[in-house]
Amino acid sequence: MLAVSTNQTDFEYDIHSLVKAFYPEQEVKVFLGADSGGETGSSGENLPDVHITFDEGKILLLVIGFSDYHDDSYQALGVEVTPSMDRIAVKNALKQLLYHGLSRHTGKQLPWGALTGIRPVKIPMKLLEQGGTEAEILTHLGSVYLVSEEKARLALDIAVREREILAAADYPSGYSLYIGIPFCPTTCLYCSFTSYSIAGWKDRVDDYLDALEMEIDYIAKLYAGRRLDTVYIGGGTPTTLSPCQLERLLAIIDRRFDRRDLQEYTLEAGRADSITAEKLSVLKRYHVSRISINPQTMNQATLARIGRQHTVGQVQEAFGLARQMGFDNINMDIILGLPGESPDDVRRTMAAVRLMRPDSLTVHSLAVKRASSLSRWIHEHGLDSLKNTEETMEIAMSGARDMGMKPYYLYRQKNMAGNFENTGYALPGRYGIYNILMMEEVQTVIALGAGTVSKRVYGDGRIERCDNVKDAALYIDKISEMIDRKKRLFSS
Ligand code: SF4
């Protein structure tokens, strides 16, 4: 355990996130003052003690080396804090200081520098809105947030593209709908979403759809007359529903909402073993315009290792079938840093994806979530078996570029392998509009189903959220309360 002490409240979360980025495999605890509950980082595991002190116009950082304090095993750094600095400026100064201290101590440079938020593109977006030039924005990202030049250019490139796409979308007056179907054929090793085995739930799926219908009904009445821009049905794996259940869900949406102005209708057909011609024809009948078939890897041994029971061949067949049935906007997701995968495995995946020619590709960096079985797997096999490096990122990026795709949205998560990012690439005209609206938080998204979070975006940019319970059985039992939460957030 790595202990950090600070004498000021308010920045514990930022401190924790940045220290964790340098030490992803460690538990990190931030203590206020000297009250570390008797715990210390100097535990003989070659971990430093980190002390942050706010004192008379200064922030002082002391990183003390290992358990035996040699004279040369500590470093002290400081930065001035003036009365004119607002909270954000103080926070940035603190994070720069901490970044420099830990970077010196570990010898590591993080691609996103001291930036720990999940939406880094918001920064260049805001600066572009304020009239900043591209050169100024790149300098800002490098000097304030210590972002590498390559990542600064990527963030700026995406911000410019998002602004162009959003300019054509007239998003402020509309809203989007997200519907969660929390069932999957099996649970992936790294899964941290709300997901239940469809086999275990097959007798209650209709109860779930009953509850969902009540929520859909309420929102459809409340938002009647407003423009629905995008619908995204995710999960889970919505195509684990039977053709009849899928038809029931899409028919409800069809009857309740005016879809005249709908710009995009996405459904995640994530797992190849859940896709059939009958289900695809239901999607076609209800005008689903974009689907996602997500192999994550095209290496059979890895698929087995991560708990997927489909084959590489099934991915190719499902993709071919969808194309044959007229789906002309198909996304694929892959993950870099999967257990045991080497750069050559990523090359093989990209070569196989290229042969299928999807319209968009989302490249994820594996994120290690405490709730997932992956944490246990790491405990047994070590973190070294998850390798996401600049080389694998470059293989994926150049593969997307070679298919004619451009990066159009990006987000980060906590504990990502290699401290990288998730990037959505697409062919021009095939950009996922919902992904941008949701990631940049520029439009109200009403989210229905277990484990979903709705966001109301006000004209002044203010955002309010309400969530649904994660547990699907509880969601069914408490559907009236879920509707009440929506009422409180959306009815005024
Ligand atoms: S497909 Fe997605 S939601 Fe389903 S188990 Fe795998 S990671 Fe979880």
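The values are calculated or read from the model by the stated rules, or taken from the named source; none is laboratory data. Keep in mind the model is a prediction, meaning the values are calculated, not measured. Here Cβ is always computed from backbone atoms with ideal geometry, including for glycine, and neighbour counts include all displayed protein chains.
Brief remarks follow.
- Any hit, the stretch 451-470, residues being without any contact (Cβ under 8 Å) to a residue 24 or more places away in the chain and over 22 Å from Tyr223 (Cα atoms): yes
- Single match in Gln413, Gln443 (criterion: over 17 Å from Asp157 (Cβ atoms), under 17 Å from the mean Cα position of the chain (by Cα) and not in a helix (DSSP H, G or I)): Gln413
- Here the stretch 170-184 is the region considered, the condition is being away from the ligand (no atom under 16 Å from the Cβ) and either assigned to a helix (DSSP H, G or I) or on the phi < 0 side of the Ramachandran plot (or both), and the residue that is surrounded by the fewest Cβ atoms within 10 Å (Cβ to Cβ) is Ser173.
- For the residues Asp328, Asp333, Asp384, Asp345, the requirement of being touching a His at 6+ places or on another chain (Cβ under 8 Å), in the same structural domain as Gln413 (by TED's automatic domain parsing) and not basic (Lys, Arg) singles out Asp333.
- Boolean, Val205 is surrounded by 17 or more Cβ atoms within 10 Å (Cβ to Cβ), within 16 Å of the ligand (Cβ to nearest atom) and of a type in the set (A, V, I, L, M): yes
- Output for the stretch 83-133, where each listed residue is over 16 Å from Ile59 (Cβ atoms) and of a type in the set (D, E, K, R): Arg104, Lys108, Arg119, Lys122, Lys126, Glu129
- Qualifying residue in the stretch 15-22 (condition: closer than 18 Å to Thr106 by Cβ, modelled with pLDDT under 90 and outside the structural domain of Thr116 (by TED's automatic domain parsing)): no
- Within the stretch 282-306, the residues that satisfy the criterion of being small (Gly, Ala, Ser) and surrounded by 15 or more Cβ atoms within 10 Å (Cβ to Cβ) are Ser289, Ser292.
- Some residue of the stretch 340-348 being out of contact with any strand residue (DSSP E or B) (no Cβ under 6 Å at 6 or more places or on another chain), within 16 Å of Thr237 (Cβ to Cβ) and surrounded by 15 or more Cβ atoms within 10 Å (Cβ to Cβ): no
- For the stretch 253-265, the criterion of being part of a loop (DSSP other than H, G, I, E, B), closer than 23 Å to Gly326 by Cβ, among the acidic types (Asp, Glu) and more than 16 Å from the ligand (Cβ to nearest atom) is met by at least one residue.
- Residue ID - nearest to Thr302 (Cα to Cα), chosen from residues in the stretch 382-392 that are assigned to a loop (DSSP other than H, G, I, E, B) and either of a type in the set (S, T, N, Q) or modelled with pLDDT of 85 or more (or both): Asn388
- Exclusive hit being in contact with a strand residue (DSSP E or B) (Cβ under 9 Å, 6 or more places away or on another chain), within 14 Å of the ligand (Cβ to nearest atom) and assigned to a helix (DSSP H, G or I), set Thr239, Thr194, Thr187: Thr239
- For the stretch 238-252, residues that are of a type in the set (Val, Ile, Thr) and touching a Pro at 6+ places or on another chain (Cβ under 8 Å) total 1.
- In the stretch 446-492, the qualifying residues are those that are part of a loop (DSSP other than H, G, I, E, B) and crowded, with 16+ Cβ neighbours inside 10 Å, and the one that is farthest from the chain's Cα centre (by Cα) is Lys478.
- Checklist (1) assigned to a strand (DSSP E or B); (2) free of Cβ contacts under 8 Å to residues at least 40 places away in the same chain applied to Ala224, failing item: (1)
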